[in-house]
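First up is the structure itself, then whatever we jot down about it.
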Amino acid sequence: MNRILIILSLVYACSTASIAQGKGHGENSEMRERIEAQKISFITQQLDLSPEEAQLFWPVYNELEKKKKENRYQSKVLFKKLRNNGEQLSDTEMGTISDQLIELKVQEANLQKEYHFKYKKILPAHKILTLYHAEKQFQGILLRQIKERGGHQHGKEN
């Protein structure tokens, strides 16, 4: 029981820090906060981390998530530039934007690789693979929920 309380305390601390980072980023920040808290809870259940593992894992995981978020933001900025000014951009400018988008994808792959090795110093291989699987599972659950809500909001049957 004591182990569960420690893990829940760590999860709460990590989720609070993650939520605080997301404040003030648009009208959907409350929804993002809820989704982030659900994701942390889901991953925590799936990984069954010891208190020592949780203490080491969550700061590293949150660091990676922050970097990935910045990467996604940079991609959004580039796509917004294309959407708003696409017809006015020269081929050279479009080529530069496409190069930047590919570079962001490469950076994300390099981040995944870098943090994979960091995880290996903290967790056994089966928990790392469980993490990757849990992230994919959570993504699928989230997409299903969005699809279901979207269908109901538009009066569609799925």
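Tabulated data
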{"read-out": "Spin-label pair Ser41/Asn71, simplified geometry with 7 Å Cα→Cβ offset, distance in nm", "value": "2.8"}
{"read-out": "Rough spin-label spacing in nm, given labels placed 7 Å along Cα→Cβ, for Ser50 and Lys105", "value": "4.1"}
{"read-out": "For region 77-83, Karplus couplings with θ = phi - 60° (6.51, -1.76, 1.60), whole Hz, Gly/Pro x", "value": "4, 5, 5, 5, 4, 5, 5"}
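Throughout, read-outs are computed from the coordinates displayed, never taken from laboratory work. Everything numeric in this text was worked out from a predicted model, so none of it was measured. Backbone-built Cβ (ideal geometry, glycine too); neighbour counts: all protein chains shown.
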